[in-house]
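One structure is given here, and the rest of the page talks about it.
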Amino acid sequence: MLLQVKNLQTQFFTQGKRIRAVDGVSFDVAEGETLAIVGESGSGKSVTALSIMGLIPWPPGRILGGEVIYQGRDLLKLAPDEVRRVRGKELAMVFQEPMTSLNPVLTIERQLTEGLQTHLSISRAEARERAVEVMHEVGISDPLRRLEQYPHMFSGGMRQRVMIAMALSCRPRMILADEPTTALDVTIQAQILALMRDLSRRLGVALVLITHNLGVVARYADRVQVMYAGQIIEKATAQKLYAAPKHPYTVGLLGSVPRLDEGERRRLQPIVGQPPDLGELGPGCRFMPRCPLAEARCGVAVPPLVEVAPGHGSACLKADQVGNAGN
Amino acid sequence: MTQSTLPSAAPPLLDVRRLKMHFPVHTGVLIQRVAGTVKAVDDVSFTVAQGETLGLVGESGCGKTTTGRCILHLNRHTGGEIRFEGQDLARLDAAGLRAARRKLQVIFQDPYSSLNPRMTLGQIVGEGPSVHGLTRPGKETRERVAELMSLAGLSPNLASRYPHELSGGQRQRVGIARALSMNPSFIVCDEAVSALDVSIQAQIINLLEDLQDRLGLTYLFIAHDLSVVRHISDRVAVMYLGKIMELAPSALLYRAPLHPYTRALLSAVPIPDPAVEATREHVLLHGEVPSPLNPPSGCVFHPRCPMASEVCREQIPEFQEKAPGHWAACHHA
């Protein structure tokens with residue numbers, strides 16, 4: 001197991017409220033696999049990634065509990081300089097907005113060599129050579145000319161390739177990609193995701209793909225976990241999740257999404273209501289107000305995530321009834 | 001190119017003919033010169049029949065939003081004609097334009113910036129009817145506002161709230177109520193659901209479909225999400241670098257696309273089903289979209305097209321009806 005997250009709890013304190021952004025999240029990432037974390041806004045998927053990378057700013061956010069075990073050590077308990085040795089080198093991250101994630105006043109060369117020199121203790125000249133190699137790997141043509149340029153001279157797709165190059169440059173064991181293609185056109189998205197998958201397979205790098213796009217998950221992920229209101233509510237292989245979902249929220253999400261191959265006159269089945277206010281959560285299941293299967297016992301306590309079929313976990317007390325006629 | 005792109009012979013509600021929107025690019029500080037032109041919309045023709053939904057889809061820079069803005073007369077088009085209910089919009093005087101605008105409304109993308117933050121929901125929705133004299137101020141306007149809010153799925157009790165107190169989905173419903181307030185016949189939906197979460201998006205899509213059935217509305221649905229466009233539209237036009245590449249009924253566009261760009265676009269859209277995805281062929285396009293300041297010669301798609309030949313580099317393909325109701329601009333279709 002490459003990475004083990006155990007009972008992670010990250011909260012934000014703002015305007016007198018306590019927001020339980022990530023509330024008891026546990027999962028593993030195996031070497032070389034592609035794990036998708038899927039959810040809508042406020043689900044806690046991005047905060048989970050930022051927590052693993054130690055990028056939660058205080059104020060207003062704080063990791064209040066849990067463990068992130070990498071190579072036998074809990075990253076959350078390491079001193080800052082030890083964390084820095086891991087972050088960027090062994091665990092890398094690609095952020096959502098390529099327009100704003102690159103430093104606008106540094107050349108591409110500087111952005112790539114900075115990480116290389118810091119983590120690998122090599123000279124500037126060696127780092128520059130490595131930078132050119134990794135730019136080739138991510139399909140940036142004419143890299144020598146591109147090295148001298150600034151981010152604003154690149155398109156969104158190119159900037160994202162630079163971000164991926166930066167993430168790959170120190171040969172990490174795992175890359176966390178937070179909505180890496182949401183801001184990009186769909187044909188560029190296809191190029192970038194195919195590139196990431198290809199690199200993952202060839203170099204054995206695990207990919208944690210954070211997204212709200214159920215199509216992307218279906219095309220690229222080995223395993224999926226669905227998050228809602230700060231918690232994981234379902235975990236399975238991609239095939240099992242789509243073929244036989246075991247949580248009403250997952251069913252609701254799948255029913256809400258238009259499909260390119262749908263028959264004519266299909267009506268979408270939206271989930272009623274809205275996601276809950278994370279500062280005002282009740283004791284029970286957080287999906288209860290919107291759930292067609294809700295009953296009194298759902299409101300007593302948050303249902304635990306349990307294995308309801310081999311390799312398939314669900315946090316629903318009625319998981320065995322999900323997907324039957326009428327749901 | 002004055003033939004209608006519709007199968008029937010009924011007069012279209014909207015008739016766009018050879019539309020051009022070219023923006024000059026200036027340089028110089030003291031003395032401005034025209035350094036080039038951005039051909040945002042370059043010879044686009046289509047019609048929309050009463051009661052139908054025409055989808056306008058394409059990636060960034062294709063000109064779909066600018067086309068919508070020209071139809072709403074928010075941009076003065078630089079060439080071609082836009083006829084709404086048979087009238088050329090460019091020839092209308094101020095009074096005529098005001099009258100046309102009552103029937104031609106818009107729902108914008110961003111539920112956060114398209115509502116005035118200093119007005120209550122009641123004021124936002126009631127402003128149009130009250131200013132245009134459709135309702136008398138006071139009770140009549142309040143009743144109309146309540147009716148419109150209910151139509152959009154909002155509780156009328158929210159009329160005294162301000163936009164910042166609502167969620168994105170609720171704000172978008174306010175935008176819909178506002179668009180409906182003038183009793184329009186035609187609504188331009190410019191990325192109307194793109195900023196919403198998936199589950200809320202589905203609610204709003206269903207609402208738009210229901211309102212269309214109830215009120216006999218006609219939509220121009222502009223979006224980049226092909227799955228959403230295919231779902232809601234009767235016919236779809238695919239745009240690239242200011243031109244329409246293909247226009248067809250939505251099921252047919254998916255089943256049997258004629259244009260190589262459409263095929264690449266469809267192939268790039270992942271379907272939420274791993275079993276289906278495993279069997280699909282993926283056509284990957286190389287390179288990036290060229291700049292509209294310097295579009296390629298001939299067919300604007302030729303540098304990235306797997307089927308490009310000599311004629312594609314030299315001649316702009318005509319937008320022609322290749323099969324009944326199925327139009328494409330391609331030398332090889």
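Figures for the structure shown
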{"item": "Within the protein assembly as shown, percent of DSSP bridges classed antiparallel, to nearest 5", "result": "60"}
{"item": "Spatial separation of Cα centroids for the range A:243-273 and the range B:177-207, in angstrom", "result": "19"}
{"item": "Helix B:168-180 axis, angle to chain B major axis (alpha carbon atoms, nearest 10°)", "result": "80"}
{"item": "Average beta-carbon neighbours from other chains, 10 Å sphere, peptide A:239-251", "result": "1"}
{"item": "Neighbourhood net charge (9 Å Cβ-Cβ; Lys/Arg +1, Asp/Glu -1) for A:Val302", "result": "0"}
{"item": "In sequence order, calculated HN-Hα J values of the range B:249-257 (Karplus, 6.51, -1.76, 1.60; Hz; x Gly/Pro)", "result": "x, 4, 5, 5, 4, 6, 6, 9, x"}
{"item": "Shielding score for B:280-292, defined as the mean number of other chain Cβ atoms within 10 Å", "result": "3"}
{"item": "Angle between chain B longest axis and helix B:198-215 axis [Cα atoms, degrees, rounded to 10]", "result": "80"}
{"item": "Candidate lysines - alpha carbon under 29 Å from B:Lys139, same-chain residues fewer than 8 apart omitted", "result": "B:Lys103"}
{"item": "Per-residue HN-Hα couplings for the range B:66-72 [Karplus 6.51, -1.76, 1.60; θ = phi - 60°; Hz; x = Gly/Pro]", "result": "4, 4, x, 5, 5, 4, 7"}
{"item": "Packing-based ranking, highest mean first, of B:315-325, B:29-39, B:269-279 given that Cβ atoms within 10 Å are counted", "result": "B:269-279, B:315-325, B:29-39"}
{"item": "Packing-based ranking, highest mean first, of B:233-240, A:273-280 given that Cβ atoms within 10 Å are counted", "result": "B:233-240, A:273-280"}
{"item": "Cβ-based net charge around A:Gln189, under 12 Å, with every Lys or Arg adding one and every Asp or Glu removing one", "result": "-3"}
{"item": "Peptides A:133-146, B:242-255, A:47-60 ordered by average Cβ neighbours within 10 Å, highest first", "result": "B:242-255, A:47-60, A:133-146"}
{"item": "Highest-MSF residue in chain B out of B:Leu265, B:Leu104, B:Leu220 [GNM, Cα springs under 10 Å]", "result": "B:Leu265"}
{"item": "Calculated [θ] (222 nm, deg cm²/dmol) that DSSP helices of n ≥ 4 give over chain B, each run adding -39,500 (n - 2.57)", "result": "-9000 deg cm²/dmol"}
{"item": "Local electrostatic count, A:Leu8, Cβ distance below 15 Å [Lys/Arg +1, Asp/Glu -1]", "result": "+2"}
{"item": "Residue mean of other protein chain beta carbons inside 10 Å, A:178-186", "result": "3"}
{"item": "Amide H partners (placed H, <5 Å) of A:Asp261, local residues excluded", "result": "none"}
{"item": "Cα-based Kirkwood hydrodynamic radius, chain B, one decimal, Å", "result": "21.2"}
{"item": "For chain B: relative contact order, % (alpha-carbon pairs under 8 angstrom, 6 or more apart)", "result": "20"}
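We did not get these values from a lab; they are worked out from the coordinates using the rules stated. All values derive from a computational prediction rather than experimental measurement. Reconstructed Cβ throughout: ideal geometry from the backbone, glycine too, with neighbour counts over all protein chains shown.
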